[in-house]
Every structure is written in structure tokens, then in C-alpha cells.
1. Go through the residues of the stretch 142-159 one by one and say whether even a single one is modelled with pLDDT of 90 or more and more than 18 Å from the chain's Cα centre (by Cα).
2. Can you tell me which residue among 217, 175 is open to solvent by 30 Å² or more (accessible area, probe 1.4 Å) and modelled with pLDDT under 95?
3. Report every pair of residues separated by at least 6 positions or lying on different chains whose Cβ atoms are under 6 Å apart, first residue within the stretch 56-76 and closer than 19 Å to residue 44 by Cα and touching a residue at least 24 places away in the same chain (Cβ under 8 Å), second assigned to a helix (DSSP H, G or I) and not aliphatic (A, V, I, L, M).
4. Look at the stretch 95-128 and say how many of its residues are open to solvent by 70 Å² or more (accessible area, probe 1.4 Å), at pLDDT below 90 and touching a helix residue (DSSP H, G or I) at 6+ places or on another chain (Cβ under 9 Å).
5. Output the qualifying pairs, or none if there are none: Cβ atoms under 9 angstrom, residues six or more apart or on different chains, first residue in the stretch 126-151 and more than 14 Å from residue 107 (Cβ to Cβ), second residue crowded, with 20+ Cβ neighbours inside 10 Å and basic (Lys, Arg).
Amino acid sequence: MRWVAVTDALGSPGESAGSIASKTLNAAAASLRNAPQEPGCYLPLLQLSRLAVAARSQDKFAEQLVELGIAEGDREDGLRLLVALEQASLGRAGRHTVYTDIAERAYREVLLGRVRAQAESLWGISPTDVRLALAAQSTENGYSEFARDWFSRFVGRTLQYFIDRELSNYVGQGAAENSGDAVRLEREVLAYANERTRILKEFSPGWLSKTLWTKGAIPEESAQRFFAYAIKKILDDVAMEADAP
């Protein structure tokens with residue numbers, strides 16, 4: 001019935017993007033709650049987090065780059081380093097699914113976007129610039145935005161995937177009457193995802209601090225629990241909204 005609500009919404013010319021996104025996220029809730037069982041879903045977030053923490057120290061960052069298999073030549077040029085980090089293996093990803101592909105895409109977008117924003121330009125960027133840009137994401141305020149950015153993209157791209165599968169059946173007669181409407185819908189769905197993930201700002205810095213304090217590092221199982229808890233909070237929030245009179 002939940003997916004019927006989504007198709008009905010897409011077929012309704014007056015349906016808002018927020019309503020479509022909310023119904024889609026509610027319909028996808030069951031499969032999303034299983035996503036934490038796929039290492040490929042949370043390993044990209046883990047790698048981003050480890051990079052940010054390691055970047056606090058030049059020596060720790062260098063160790064992290066070696067661990068990731070970044071070639072020495074790539075470590076000597078900022079832009080090459082960034083490209084190598086973008087293409088670095090995300091570890092034991094297991095089987096590839098829609099969600100793992102989305103998680104990896106979010107990793108690349110956040111990595112490039114955050115470094116670009118901090119360094120202002122990627123041209124002439126140095127390895128030190130890359131490290132300092134990543135280190136800025138490990139502060140309390142930095143990590144709250146860093147984690148939210150990744151989850152926002154993960155949720156937003158997930159919504160886009162499910163909506164796009166059906167949207168082509170309704171162009172010209174439903175929520176997207178033309179290509180311009182389809183582009184607007186996509187933009188507003190991403191904005192909806194960003195709003196839904198605002199809750200990450202409340203607990204992500206505390207999670208990072210507590211994990212580093214108690215573990216001394218970020219173990220994979222801690223990242224998995226963090227990912228699972230965040231997805232649960234987001235979906236519970238959407239379910240409460242759907243059940244409201």
C-alpha cells in the first residue's frame with residue numbers, strides 16, 4: 001500500500017515534492033532499515049570519518065594514506081591526492097546494491113565538495129591544503145555538517161532512485177508535466193532529504209567524541225551502529241510525520 005501511495009502521488013498534478021519524497025521514504029523504510037547489514041553502505045562514511053580524524057596530525061594522515069594504498073607520487077600533489085582519495089578502495093564492501101552504489105557516490109561528492117569549500121579552489125591546491133580541509137571536518141561543528149552532508153546525499157539519492165523509476169510513466173500527466181518540472185522535483189527532493197537529516201547535527205559530534213575517547217579510533221562496528229541509529233532516527237521521524245493527523 002505504501003508504494004501505491006507513491007505512484008498515486010506521482011500521478012497527481014498538484015502533489016508537492018515534499019509529499020512525494022515523504023511517501024517514497026516511508027515506502028522504502030523496510031529496505032533502508034536493512035541497509036546497515038550491508039558493509040558497503042556504512043564503509044564510505046567510516047572512511048570519511050577516519051580521514052577527517054587522521055588529518056588532525058600530519059603524521060597520522062600520512063599513515064592513513066599509506067594504509068589506503070595511496071601512491072607516494074599522488075601524496076606529493078594536492079589535486080592528485082584528492083583524486084586518489086576519491087578513487088581509493090572503500091574496503092570490504094561485500095555485494096553491490098543500489099544502496100552501496102549510492103553510499104559510494106555520496107562519499108565522492110562529500111569528499112570533493114568539502115575540500116573545495118574549505119580550500120576555495122582545487123587549482124594549485126597542496127597536500128597540506130587537503131589535509132587541513134579534512135581536519136576542519138573533525139571539529140564538533142565541522143563533523144555535525146560533515147556527517148549530515150553524507151547522510152543527506154545518501155537519503156536524497158535513494159529517494160531519487162525510487163522516484164525516477166516511476167516518474168517517466170507520469171511525465172505530462174502527473175507531478176512532472178514537463179522536463180522542467182522533473183528537474184524542479186529532483187532539486188526539491190534533495191532539499192527535502194537535507195531537511196530530514198538535520199537531526200544528525202544533534203548527535204553526530206557526540207558520537208565521534210565518545211567513540212574516540214573510549215576506543216581511541218573508529219572501529220568498523222561503531223560506524224555500523226552509528227549508521228543504523230541515524231537511519232532509524234530519520235525513518236522514525238518520517239513515520240511520525242506520516243501518522244500525524
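1. Within the stretch 142-159 (the criterion being modelled with pLDDT of 90 or more and more than 18 Å from the chain's Cα centre (by Cα)), the answer is no, since none of the residues qualifies.
2. Among 217, 175, only 217 is open to solvent by 30 Å² or more (accessible area, probe 1.4 Å) and modelled with pLDDT under 95.
3. 61/131
4. Residues in the stretch 95-128 being open to solvent by 70 Å² or more (accessible area, probe 1.4 Å), at pLDDT below 90 and touching a helix residue (DSSP H, G or I) at 6+ places or on another chain (Cβ under 9 Å): 7 in total.
5. 133/114; 136/114; 142/114; 145/114
The values are calculated or read from the model by the stated rules, or taken from the named source; none is laboratory data. Just so it is clear, the model here is predicted, and its values are computed rather than measured. Neighbour counts run over all protein chains shown; Cβ positions are idealised from the backbone, glycine included. To get the accessible areas, we keep the full protein, side chains included, count just its heavy atoms, and leave off ligands, DNA and RNA. Shrake-Rupley method; radii C 1.70, N 1.55, O 1.52, S 1.80 Å.
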